[in-house]
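The values are calculated or read from the model by the stated rules, or taken from the named source; none is laboratory data. As the structure is a prediction and not an experimental result, all values here were calculated from the model. When we count neighbours, we look across all protein chains shown, and the Cβ atoms used for this are built from the backbone with ideal geometry, even at glycine.
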Ligand SMILES: [Ca+2]
């Protein structure tokens, strides 16, 4: 109520009309109030109620409009009908009883609103275990930490369902010197396996996705061949390392494999960090670095990359060929042969920060080598990449591609080449591409004004200059974007 009161009499007037309109519609029985907010202004009874509404500004009085039952009260801040007025549920009587009477699905009174759940009541479960305090409703988890908060026994969020993983679907690996692991362990926390490969036979062929949870990695790991495992979730919350392979570190290749790898540091292979030749792979929140060839290389494998740091690989950071790819919120930098190569693949690339990639190479940041289908390039920041003379340091478009709400900049160019068209973007030079609508004129604004992290400085021309249509709800950091989204991966926060 405080917020609405602060908005002043004009807004209260709207609330009055809303209450009166609902009441009149119900009374008439015809549902014929087609005129909306102003239609009932002449109703003397409702105007009389408006006097009560004016009192809402007084401390402790939350009544905001006439009603005959709870169903007349559509404002979530005044959801129940008390003494003929819609009111907050915590004013008079037992608020929980009032709310349950109105809607058994929202039976709790919390801060004046009727809600499905409260954090204190711990009444969310299953695939919606988290009570969202803003919405007052149960939702799926979005982090492992949230599973801790709701008292999950495993502390692992199931990204497929939104639920926290059931203990029965966990297989533990703990190779710490002080641990109690065994090569013939059971995978329970009381008898974990020492190494990942020892745990794999217990999950192979499972109809449901089992979780192999790594607390501490044992002996220095060489490589992990996961082809033919089936559905598997491989998780660590301690950034356990997998590295030093003489080939690829993680290999996936079975057409029915669905492998999710979450939270690891995957590094120092002589070949690829992660290689997938079939099925599907999801990489979440991993660091993939310093491998001798490509960081993530896939062929005919469905790929989802979210929240990864992919850097300092000798080859390209990410090479995807032939199957749909989703790349969101990744930081991809300092890879020797370029940042991201998408070849003959439908793709969605959103909120990625791509910098310092390439050298004497055919491209720097992105190479979009693709037959048009689904192609979304939105809200990416691609800066300070390198390429051979005449090649695009930013984005190379082999076919027509739209770059939207993005920043492409750098000291060497051309920044774009081929058939790129920019919309609502900052492109640091005017050559090598077509201009759609909404772009920033770089002769007027010679710099996008980025911090070292590539977020936006105060006063950047990219602030509030993106297209709201199709903009992602969140930015690189997971912070919500406002109604006037910024160009690039970051939404500016003062
Ligand atoms: Ca903004």
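Before moving on, here are some points about what is shown:
- Filter result (surrounded by 23 or more Cβ atoms within 10 Å (Cβ to Cβ) and either in a loop (DSSP other than H, G, I, E, B) or in contact with a helix residue (DSSP H, G or I) (Cβ under 8 Å, 6 or more places away or on another chain) (or both)) within region 336-357: 338, 339, 345, 351, 352, 357
- Test: residue in region 381-393 that is surrounded by fewer than 20 Cβ atoms within 10 Å (Cβ to Cβ) and free of Cβ contacts under 8 Å to residues at least 12 places away in the same chain: yes
- For region 286-300, the tally of residues that are in a loop (DSSP other than H, G, I, E, B) and either within 19 Å of residue 339 (Cβ to Cβ) or assigned by TED's automatic domain parsing to the domain that holds residue 142 (or both) stands at 7.
- Within region 138-183, considering residues that are surrounded by fewer than 16 Cβ atoms within 10 Å (Cβ to Cβ) and touching a helix residue (DSSP H, G or I) at 6+ places or on another chain (Cβ under 8 Å), the one farthest from residue 124 (Cα to Cα): 183
- Odd one out for residue 317, checked against (1) modelled with pLDDT under 95; (2) buried (at least 24 other Cβ atoms within 10 Å of the Cβ): (1)
- Among the residues of region 445-492, the ones that are surrounded by fewer than 12 Cβ atoms within 10 Å (Cβ to Cβ) and near the ligand (Cβ under 9 Å from one of its atoms) come to 1 in all.
- Residue 111 being buried (at least 22 other Cβ atoms within 10 Å of the Cβ), touching a residue at least 12 places away in the same chain (Cβ under 8 Å) and outside the structural domain of residue 151 (by TED's automatic domain parsing): no
- Only listed residue being in the same structural domain as residue 396 (by TED's automatic domain parsing) and in contact (Cβ under 8 Å) with a residue 60 or more places away in the chain, chosen from 351, 308: 351
- Matching residues in region 363-392 - criterion: being closer than 13 Å to residue 340 by Cβ and either part of a loop (DSSP other than H, G, I, E, B) or in contact with a helix residue (DSSP H, G or I) (Cβ under 8 Å, 6 or more places away or on another chain) (or both): 363, 364, 365, 370, 380, 385, 392
- Contact annotation: residue pairs with Cβ atoms under 6 Å, 6 or more positions apart or on different chains, pairing a residue in region 70-88 that is under 12 Å from residue 98 (Cα atoms) with a partner that is surrounded by fewer than 17 Cβ atoms within 10 Å (Cβ to Cβ), are 81/69; 82/92.
- For region 73-93, the tally of residues that are surrounded by fewer than 17 Cβ atoms within 10 Å (Cβ to Cβ) and touching a helix residue (DSSP H, G or I) at 6+ places or on another chain (Cβ under 9 Å) stands at 3.
- Check on residue 439, modelled with pLDDT of 95 or more, away from the ligand (no atom under 15 Å from the Cβ), closer than 28 Å to residue 370 by Cα and surrounded by fewer than 23 Cβ atoms within 10 Å (Cβ to Cβ): yes
- Screening the candidates 359, 365, 413 for the property of being more than 28 Å from the chain's Cα centre (by Cα) and modelled with pLDDT of 95 or more yields one hit, 359.
- For region 198-239, a tally of residues being part of a loop (DSSP other than H, G, I, E, B), modelled with pLDDT of 90 or more and either under 19 Å from residue 272 (Cβ atoms) or not assigned by TED's automatic domain parsing to the domain that holds residue 178 (or both) returns 4.
- Verdict on residue 428 being away from the ligand (no atom under 15 Å from the Cβ), over 26 Å from the mean Cα position of the chain (by Cα) and within 29 Å of residue 308 (Cβ to Cβ): yes
- Pairing residues of region 471-493 that are farther than 17 Å from residue 458 by Cβ and without any contact (Cβ under 8 Å) to a residue 60 or more places away in the chain with residues that are near the ligand (Cβ under 8 Å from one of its atoms) and in a loop (DSSP other than H, G, I, E, B), at Cβ distances under 6 Å and at least 6 apart in sequence or on separate chains, gives 481/491.
- Checking 404, 408, 395 one by one, the residue that is under 18 Å from residue 349 (Cβ atoms) and within 16 Å of the ligand (Cβ to nearest atom) is 404 and no other.
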